[in-house]
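Peer 1: Sharing a structure here in structure tokens format.
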Amino acid sequence: MTFKILSAEFSHETNTFNVCPTTLTDFANDLLLDGAQAIAQRGSKNTQLAGLLDVGAEHNWQIEHCFSASAGPGGKVTKNTFDEILKPLEHHFFEHWDGIFLMLHGAMVTDFCDDGEGEILLRVRAALGPDIPIAVTLDPHANVTPKMCQLAQILVSYNTYPHIDMRETGRSTAQVLQRTLLKEIQPQTLRAHRPMLEEVNGGRTDLGPMIERHKLAREYEQHPDVYAVSINGGFASADISELGPTVLICCSGDPANHLEQAENIVEDIWTKRDQVMNVYYSCTEVADIASKWPGLKKEGPLVIADYADNPGAGAYGDSTALLKSLLDNHIENACFGPLFDPKAVLKLKSHKLGTQVRISIGGKVDPKMGGGPLQVSAQVIWQGSGLVVGTGPMLGGLQKNFGECIVLQIQGIEVLLVSIAHQILDLNQFQTFGIDPREKSVVALKSMQHFRAAFEPIAGEVIVCDSGALCTINYKALNYHRVPRPIHPLD
């Protein structure tokens, strides 16, 4: 039997504290492809779409992939943007489909509703009825709502952070959909939740308690009526009424025992809510550590992650506090990036290589978060397009675009200025611009956890900095109004 499957990819992680709305331009700057383009560019890479296509080919599905759309984490998605992106999917609602496969994030907030994914699913259900099977892949930083679980039978999140199992997740989710279409199973997704902004370590799976939780999840998936167990750390940078860590079990049969297992895992998240894996250094402390670092003699560079200014969680990417501390401490043979400052890039792009300049960089979007503009004397040492093709575990073969870029030599630090903010995921996000992190004594980058997949193998040591930018772990510095109270760690 040949099944007709309608699919689409619509992903955004929304930081509601970010003052810049997310528009169609932001999606165009990151990922906005029609179905054919998406299959050509992403259909053989480490993507959920590739996993869907793998299973579709195996079972001879007729797949109509409408679009792939993703924007870097940022402020609320505007209604016009949301509606415009969904049009190609809604255009197909009047045809017959056997199943729906959606690749979502799980933490999208719009300027007209808090639950973007719930709104997408609501529109699909309203048009196609209550019975059509809907399968959804999610990021494990999803804020999964009861509404999402009511509207989709199959919800499955990645199992890794850094995320390296996207294709695998697409495959496994599509196989559950196949069994549903054959009427072998009648799945539902159960949800367990605790009143926390997020799992205390952001859901990292490379060490700590999440390793044992995933071991329990994989063991429970051996139950014949259990098809996937997903552990979501949640996303704290969203001031909404439904957020925080969840455990999902996609299953059939009597839900009581399955829900008990979900509750056991999420209770472990609650019980260990104060067991922090990262040590968060101040900018001053980081600079002091860097000044004593013995350089490449210690089997690799000191890698410093500016956790709080991670564009991958919706921070602006233009915090200068860490850079200022490194410069004040005269750190040598170092690199820093990316620093988001399209105005500075535009001003500098006409300068010849080797030109000495005096310019203000960074800190322009919201100077009170992570440091204001930094006045520097610098030499222009690289300029050009910011298109990067990744080679590492997360981005292998996929593109990221920083827009027009400039590299400045400021004292002993090479600083990458970009026009489009993205977090660092891949060594090529430095190497493309003539910066080789392997040859540096100190590498300072803007990311929380994803950088580890590519940078830990070359690092002598990794440390984490809270620069006081928008994704600071000092949640009480943020202005939460809508989260339910009491909630950990605010109360």
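The values are calculated or read from the model by the stated rules, or taken from the named source; none is laboratory data. None of the values given here were measured: they were computed from a predicted structure. All Cβ positions, even for glycine, are placed from backbone atoms using ideal geometry, and neighbour counts span all protein chains on display.
Peer 1: For region 20-43, enumerate the residues that are in contact with a Gly (Cβ under 8 Å, 6 or more places away or on another chain) and either in contact (Cβ under 8 Å) with a residue 60 or more places away in the chain or assigned by TED's automatic domain parsing to the domain that holds G386 (or both).
Peer 2: C20, P21, N29, D30 - these are the residues of region 20-43 that are in contact with a Gly (Cβ under 8 Å, 6 or more places away or on another chain) and either in contact (Cβ under 8 Å) with a residue 60 or more places away in the chain or assigned by TED's automatic domain parsing to the domain that holds G386 (or both).
Peer 1: If we scan region 395-416, do we find a residue that is in contact with a Pro (Cβ under 7 Å, 6 or more places away or on another chain), in contact (Cβ under 8 Å) with a residue 24 or more places away in the chain and part of a loop (DSSP other than H, G, I, E, B)?
Peer 2: no
Peer 1: In this structure, is L121 part of a strand (DSSP E or B), aliphatic (A, V, I, L, M) and buried (at least 22 other Cβ atoms within 10 Å of the Cβ)?
Peer 2: no
Peer 1: Being in contact with a helix residue (DSSP H, G or I) (Cβ under 6 Å, 6 or more places away or on another chain), assigned by TED's automatic domain parsing to the domain that holds G99 and either of a type in the set (A, V, I, L, M, F, W, C) or part of a helix (DSSP H, G or I) (or both) is the requirement here; does L49 meet it?
Peer 2: When the stated conditions are applied, L49 passes them.
Peer 1: Which residue pairs have Cβ atoms under 6 Å apart, sit 6 or more places apart or on different chains, and have a first residue in region 175-187 that is farther than 17 Å from P130 by Cα and a second that is among the aromatic types (F, W, Y) and buried (at least 21 other Cβ atoms within 10 Å of the Cβ)?
Peer 2: That search, which allows pairs on different chains as well, returns V176/Y227.
Peer 1: So, in region 425-455, of the ones that are touching a strand residue (DSSP E or B) at 6+ places or on another chain (Cβ under 6 Å) and surrounded by fewer than 21 Cβ atoms within 10 Å (Cβ to Cβ), which residue ends up nearest to G203 (Cα to Cα)?
Peer 2: N428
Peer 1: A follow-up question, please. How many residues are part of a loop (DSSP other than H, G, I, E, B) and either touching a residue at least 40 places away in the same chain (Cβ under 8 Å) or surrounded by 19 or more Cβ atoms within 10 Å (Cβ to Cβ) (or both) if we restrict to region 226-275?
Peer 2: 18
Peer 1: Turning to a different aspect of this structure: Among the residues of region 255-275, count how many are among the charged types (D, E, K, R) and either touching a helix residue (DSSP H, G or I) at 6+ places or on another chain (Cβ under 8 Å) or over 20 Å from C149 (Cβ atoms) (or both).
Peer 2: The total comes to 4.
Peer 1: Out of the residues in region 385-412 meeting the condition of being touching a Leu at 6+ places or on another chain (Cβ under 6 Å) and of a type in the set (A, V, I, L, M), tell me which one is surrounded by the fewest Cβ atoms within 10 Å (Cβ to Cβ).
Peer 2: Here the residue is M394.
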